[in-house]
Amino acid sequence: MPLLSRKKLLLAKTESVYGTDPTPTGAANAILTSDLSINPLAGSSVSRNFDRAAFGNSLNIKTATFVEISFMVEIAGSGDADTPPAYGPLLLACGFSQTINAATSVVYAPISAAIGSITLYFHHDGQLHEVNGARGTVSLNLDAGGIPKYAFTFTGLYVAPTSTADATPTLSGFMTPLAVTNTNTPTFSLHSTDVVMNACSIDIGNSVIHRDVVNSERVDIVDRAVAGSVSFEAPAISDKNWFAISKAGTTGALSIIHGTAAGGIVTIAAPAVQLINPTYADFNGVSVIQTQLLFAPSSANDEITITTT
């Protein structure tokens, strides 16, 4: 029987010791994903580059082997204001801290030290690819009329795959998401101005490296550069001169609130966002401004926060 491409499942669990398998289970650690894919043998190789008297290839030797996994997860709350969403461990392994405020909220904020790691189990129709010591990066995509999603990419340590029965997932911790609409996304404010947004993406921009050197193999996040893009209806220059704001290098706050009911609200906030090269474009016959965004810290480790309430 061939392997069926549709039969894929991801488990993710936070590691207490880096690179040590905490044994995720389908009942407690299943992730509801879309577009799940794996590169089981990422890495580099070098040619042996023989001297010889005739043309021909020299064999390669693998010099670094790691695993890359990418997938999307819907942006939604947990159902309870102070319960971390089921995708919380993924954010922790992307360089975020998690703060639980009793009866109020769960806040994810970027950090630059003591970054968490996870073990991932990629089940594929009876085959198991285990990935230890995984860290990664994430982008957030909110397009009007679509389902808001996180796009995760993780890099982790290679473990030889095995033929193992697929886990049975419990996915009740994942709320049904709300589409990005006027009703469901009540706030989109940029530089203290409510703009009519039709597309927005935010890339956390972690620099993730795999290091395999003597006495150490690990995956680390070594830098972060949060950036993004947004498209919104162009106002009259007399109402808001976005071009002058960009030219002056002025920064301002970004605030996005998605969701309407307690337990299902996700707030994305950034204190110092700069517009880079805004230009006009067409969206369904309406003139819009498309611009790149640069997210700067106001003090340190505060370029962006993600809060569920």
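Please enumerate the residues belonging to region 85-105 that are assigned to a loop (DSSP other than H, G, I, E, B) and open to solvent by 40 Å² or more (accessible area, probe 1.4 Å).
102, 103, 104
Going by the structure shown, is residue 245 part of a loop (DSSP other than H, G, I, E, B) and free of Cβ contacts under 8 Å to residues at least 60 places away in the same chain?
No, not satisfied.
On the basis of being open to solvent by 10 Å² or more (accessible area, probe 1.4 Å) and among the aliphatic types (A, V, I, L, M), does residue 306 make the cut?
It is false that residue 306 is open to solvent by 10 Å² or more (accessible area, probe 1.4 Å) and among the aliphatic types (A, V, I, L, M).
Going by what's in this entry, would residue 245 be described as at pLDDT 95 or above, crowded, with 18+ Cβ neighbours inside 10 Å and under 12 Å from residue 307 (Cα atoms)?
Taking the combined requirement at face value, the residue does not satisfy it.
Scanning for something assigned to a strand (DSSP E or B) and closer than 22 Å to residue 167 by Cβ, does region 14-30 turn up at least one residue?
yes
Those residues that are surrounded by 14 or more Cβ atoms within 10 Å (Cβ to Cβ) and farther than 15 Å from residue 133 by Cβ, I need them from region 215-232; list them, please.
Scanning region 215-232 gives 224, 226, 227, 228, 229, 230, 231, 232.
How many residues does region 48-65 contain that are farther than 22 Å from residue 217 by Cα, among the polar types (S, T, N, Q) and open to solvent by 40 Å² or more (accessible area, probe 1.4 Å)?
2
Output the residues belonging to region 270-282 that are of a type in the set (A, V, I, L, M, F, W, C) and buried (at least 17 other Cβ atoms within 10 Å of the Cβ).
Correct list: 270, 272, 273, 275.
Of all residues in region 203-214 being assigned to a loop (DSSP other than H, G, I, E, B) and of a type in the set (A, V, I, L, M), which is least open to solvent (accessible area, probe 1.4 Å)?
My answer is 204.
Any idea which residue in region 248-266 is least open to solvent (accessible area, probe 1.4 Å), counting only those that are outside any strand (DSSP E or B) and under 23 Å from residue 288 (Cβ atoms)?
By that ranking, first place goes to 249.
Sort out which residues of region 227-249 are under 27 Å from the mean Cα position of the chain (by Cα) and of a type in the set (Val, Ile, Thr), and write them in order of number.
Result: 230, single match.
Suppose we keep only residues that are in contact with a Gly (Cβ under 9 Å, 6 or more places away or on another chain) and open to solvent by 20 Å² or more (accessible area, probe 1.4 Å) within region 136-148. Which one would you say is nearest to residue 269 (Cα to Cα)?
Only one residue fits best here, namely 139.
Can you tell me which residue within region 66-84, out of those that are over 14 Å from the mean Cα position of the chain (by Cα) and within 30 Å of residue 214 (Cα to Cα), is most open to solvent (accessible area, probe 1.4 Å)?
Among them, the one singled out is 66.
Could you grab me the full set of residues in region 179-191 that are touching a strand residue (DSSP E or B) at 6+ places or on another chain (Cβ under 6 Å) and polar (S, T, N, Q)?
185, 187, 189
Testing residue 142 on (1) out of contact with any Ser or Thr (no Cβ under 6 Å at 6 or more places or on another chain); (2) closer than 17 Å to residue 69 by Cβ; (3) not in a loop (DSSP other than H, G, I, E, B), one condition comes back false. Which one is that?
(2)
If I ask for residues that are assigned to a strand (DSSP E or B) and surrounded by fewer than 17 Cβ atoms within 10 Å (Cβ to Cβ), which ones from region 154-179 would you list?
Scanning region 154-179 gives 162, 163.
So residue 239 fits all but one of (1) open to solvent by 30 Å² or more (accessible area, probe 1.4 Å); (2) closer than 28 Å to residue 86 by Cα; (3) not small (Gly, Ala, Ser); what number is the exception?
With (1) open to solvent by 30 Å² or more (accessible area, probe 1.4 Å); (2) closer than 28 Å to residue 86 by Cα; (3) not small (Gly, Ala, Ser) applied to residue 239, the lone miss is (2).
Any residue at all in region 106-118 that's modelled with pLDDT of 95 or more, assigned to a strand (DSSP E or B), crowded, with 19+ Cβ neighbours inside 10 Å and among the polar types (S, T, N, Q)?
No, every residue in region 106-118 fails to be modelled with pLDDT of 95 or more, assigned to a strand (DSSP E or B), crowded, with 19+ Cβ neighbours inside 10 Å and among the polar types (S, T, N, Q).
The values are calculated or read from the model by the stated rules, or taken from the named source; none is laboratory data. Keep in mind that this is a model prediction, so the values were computed, not measured. FYI the Cβ positions are ideal-geometry reconstructions off the backbone, even for glycines, and counts take in every protein chain you see. Quick note on the areas: whole protein, heavy atoms, side chains included, nothing else; ligands and nucleic acids left out. Shrake-Rupley method; radii C 1.70, N 1.55, O 1.52, S 1.80 Å.
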